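Visitor: Below: one structure in structure tokens.
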Amino acid sequence: MAVAARTPFIAGNWKMNLDHLRAVALVQKLNWTLKDAGHEAGSVEVGVFPPFTDLRTVQTLIDADKIAFALGAQDLSVHESGAYTGEVSGAFLAKLDCTYVIIGHSERRQYHHESDETIGAKAHAAIRHGLVPVICVGETAEDLETFGASAVPVGQLEVALEGLPAGSDIVVAYEPVWAIGSGQAATPEQAQEVCAKLRAVVAAKLGAEAAEKTRILYGGSVKSANIASFMREPDVDGALVGGASLVADEFAAIVRYQKHVGV
Ligand code: PGA
């Protein structure tokens, strides 16, 4: 069966950084930098994931200036609407033209005690609203020592995908917790090994065709100096970038990984 190539996806998770005014400055600078460098929109999908309070502003900017970036949110509620103070519905995100929503980031799992089941419910909520969930999985340093690299992320993904319709449009992000914000990225070989196992989980849960088209990202201390080595791996289809996504020149260089020397 001929399979369409997966478009590489470079996603910037801003976390709780940049208010809506600074968001405008970053998106504009990133756009100009990529244009100046002759980046061909469409060869690599670029996603920005600002805080909730920036989404409307970034949506308006992308729309007005016809910027070829996809917009995503960093979380969503499992509920549709109602008495859930502080929560944000997937319906609201869809109205703001969000394409994606990150779920299960290790910072949500750690600081907000989100369980695998909650993350599964969020995946369902995203799909119900036509959003593509970017489902984050990854092992802590202790998990790595006790179980090896793949057991925990594989288990997390199995629960997150439970009951989703076959063929659901999802993105998976493998983010070893020990690599996030530490400057200590996984090796490309480690990332490949786990990403291949995660693709097998997608195949088992959502079907072989869905597994072939699903982008699996690596995340954790990605920068312009190491992105090309990850992108050479057959099961790594992009990156979820935290710290380096806040600096336009650096994020643009990550997006342009194909141009790096030695690739
Ligand atoms: P980092 O974060 O690139 O700053 O390591 C990645 C993430 O948490 O998504």
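Values quoted throughout were computed directly from the atomic coordinates according to the rules given, and no laboratory measurement underlies them. The structure displayed is predicted, hence computed values, not measured ones. Note that we place each Cβ from the backbone using ideal geometry, even for glycine, and neighbour counts take in every protein chain shown.
Visitor: Going by the conditions given, is Ala94 touching a strand residue (DSSP E or B) at 6+ places or on another chain (Cβ under 7 Å), among the hydrophobic types (A, V, I, L, M, F, W, C) and buried (at least 16 other Cβ atoms within 10 Å of the Cβ)?
Guide: In short, no.
Visitor: Hey, could you check segment 32-42 for residues that are within 23 Å of Arg215 (Cα to Cα) and surrounded by fewer than 21 Cβ atoms within 10 Å (Cβ to Cβ) and say which is nearest to the ligand (Cβ to nearest atom)? Before you say what the answer is, go through the steps one by one.
Guide: Applying the first criterion (within 23 Å of Arg215 (Cα to Cα)) to segment 32-42 yields 34, 39-42.
After this cut, where a residue has to be surrounded by fewer than 21 Cβ atoms within 10 Å (Cβ to Cβ) as well, the list is 39-42.
Details: His39: 21, Glu40: 25, Ala41: 23, Gly42: 24 Å.
The qualifying residue nearest to the ligand (Cβ to nearest atom) is His39.
Visitor: Output the number of residues of segment 4-31 satisfying the condition of being assigned to a loop (DSSP other than H, G, I, E, B), within 15 Å of Ala70 (Cβ to Cβ) and either among the aliphatic types (A, V, I, L, M) or within 13 Å of the ligand (Cβ to nearest atom) (or both).
Guide: 1
Visitor: Go through segment 41-77 residue by residue and tally those that are over 20 Å from Val255 (Cβ atoms) and basic (Lys, Arg).
Guide: 1
Visitor: Here's a follow-up. What pairs come out if I take residues in segment 97-109 that are more than 15 Å from Gly242 (Cβ to Cβ) and part of a strand (DSSP E or B) and pair them with residues that are within 11 Å of the ligand (Cβ to nearest atom) and of a type in the set (A, V, I, L, M, F, W, C) whose C-beta lies under 6 Å away, six or more apart or interchain?
Guide: Note: pairs meeting the criteria are Tyr100/Val134.
Visitor: Look at segment 43-55 and say how many of its residues are more than 15 Å from the ligand (Cβ to nearest atom) and assigned to a loop (DSSP other than H, G, I, E, B).
Guide: 1
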